[in-house]
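Trainee: Okay, here's the structure, questions in a sec.
Read-outs: derived from the displayed coordinates by stated rules, not from any lab. Quantities reported herein were computed from a predicted structural model and do not represent experimental measurements. Cβ atoms come from the backbone with ideal geometry, glycine included; neighbour counts cover every protein chain shown.
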Amino acid sequence: MNLQAALDAFRAEFINKFPAEKAAIMQRATDALAKEFIERETLKVGDIAGDFTLTNAIGKPINLAEQLAKGPVILTFYRGGWCPYCNLELRAYQQLLPQIQASGASLIAVSPQIPDASLSTVEKNNLEFDVLSDVGSKVAQAYGIAFSLPDELRKLYAELGHALPDINGTDDWVLPVPATFVINQQRKVILAHIDVDYRNRLEPEAAIAILQQQISLLA
């Protein structure tokens, strides 16, 4: 089963259990976000990815430029370990990590969670790649993918036990739109996938295909 099939299967199961009026709140927020992002300036193919240094789950600073000096980077932004769709995505990347490494690339996942929450995500999903904490969503904002949740969605998330200020260690309700970028060693973005519907994600195989294509061009 590919990633999107797994996401769709979870979604179908979720819809059967979740109250329709609460699902409607989530859908309204997604629809409004889609309209906002029509005019949004986001990081796109051909752009130079901004450098950053963020802390991984065990407190080690990870710098993008230093990672790129070793090889291309798959950079994926996820909402948090509380998001089941995100966990499915992270596990899918973990399964294909040997292929990513065989391509000479590294994988970095970023969320606004505090490091302790990132560590829990790593342990829960048995992840062997760097999971970084973008506390305050500064990198997500620089890449054009950060957004603030509307009031009715904040209330719902709090009811569900997902109060973002508690999880992310900030006073805001900001999340990144799930996004994946493949960045070459010249810091140029060679793949950009941004989808305001958090239930959709890029297939990891698509990112790997771009890496392999890059290798072929350089050969």
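Trainee: Provide GLU159, GLU205, GLU89 in ascending order of the number of other Cβ atoms located within 10 Å of each residue's Cβ, fewest first. Intermediate results must be reported in sequence, preceding the final value.
Mentor: Values: GLU159 10, GLU205 13, GLU89 27.
Placing the least packed residue first, the sequence is GLU159, GLU205, GLU89.
Trainee: Here's a follow-up. Distance cut-off 24 Å, Cα to Cα: go down the list LYS124/LYS188; LYS22/LYS44; LYS17/LYS155; LYS138/LYS188; LYS22/LYS138; LYS70/LYS124 and report the pairs above it. Write out the running numbers ahead of the final one.
Mentor: Working: LYS124/LYS188 33 Å; LYS22/LYS44 33 Å; LYS17/LYS155 19 Å; LYS138/LYS188 20 Å; LYS22/LYS138 30 Å; LYS70/LYS124 28 Å.
Result: LYS124/LYS188; LYS22/LYS44; LYS22/LYS138; LYS70/LYS124 exceed 24 Å.
Trainee: Net charge near CYS86: determine it from the other residues with C-beta under 10 Å of the C-beta of CYS86, scoring Lys and Arg +1 and Asp and Glu -1.
Mentor: Details: positive: ARG79, ARG91, ARG201; negative: GLU89.
Value of the local net charge: +2.
Trainee: Using Stokes-Einstein with the Kirkwood hydrodynamic radius over Cα pairs, what translational diffusion coefficient do you get for the stretch 69-120 at 20 °C and a viscosity of 1.002 mPa s, in µm²/s rounded to a whole number? Display every interim value, and only then the final one.
Mentor: Numbers: Rh = 11.8 Å.
So the translational diffusion coefficient is about 181 µm²/s.
Trainee: Continuing with the same structure: Can you quote the Å³ per residue value for the convex hull of the Cα atoms in the stretch 3-218, rounded to an integer? Intermediate values should be presented prior to the final figure.
Mentor: Numbers: hull volume 24.7 nm³, N = 216.
Cα convex hull per residue, to the nearest whole number: 114 Å³.
Trainee: For the residues GLU123, GLU203, what sequence is obtained by ranking on other C-beta atoms within 10 Å, fewest first?
Mentor: Details: GLU123 11, GLU203 17.
Listing GLU123, GLU203 from fewest to most nearby Cβ atoms yields GLU123, GLU203.
Trainee: If you don't mind, another one. Counting other beta carbons within 10 Å of each residue's own, what order do SER103, SER133, SER120 fall into, fewest first?
Mentor: Numbers: SER103 19, SER133 22, SER120 15.
Listing SER103, SER133, SER120 from fewest to most nearby Cβ atoms yields SER120, SER103, SER133.
Trainee: Below 8 Å, C-alpha to C-alpha, sequence gap of six or more: please give me the relative contact order for the chain in percent. Numbers along the way, then the final one.
Mentor: Working: 369 pairs, mean separation 61.1, N = 219.
Value for the chain: 28 percent.
Trainee: Rounded to the nearest 500, what is the 222 nm mean residue ellipticity of the chain from helices alone, with -39500 (n - 2.57) per DSSP H run of 4+ residues and division by all residues? All intermediate terms of the calculation are to be shown ahead of the outcome.
Mentor: Values: 10 runs with 101 residues, N = 219.
Computed ellipticity for the chain at 222 nm equals -13500 deg cm²/dmol.
Trainee: Quick one: putting +1 on the C-beta of Lys and Arg, -1 on the C-beta of Asp and Glu, what dipole do you get for the stretch 126-219 around its Cα centre, in Debye to the nearest 20? Write out the running numbers ahead of the final one.
Mentor: Values: 7 positive and 13 negative charges, 81 e Å.
Here the size comes out at about 380 debye.
Trainee: Let me ask something else. About the Cα centre of the chain, how large is the charge dipole given +1 on each Lys and Arg Cβ and -1 on each Asp and Glu Cβ? Please answer in debye to the nearest 20. Before the final figure, lay out the partial values.
Mentor: Working: 19 positive and 26 negative charges, 58 e Å.
Magnitude of the dipole: close to 280 debye.
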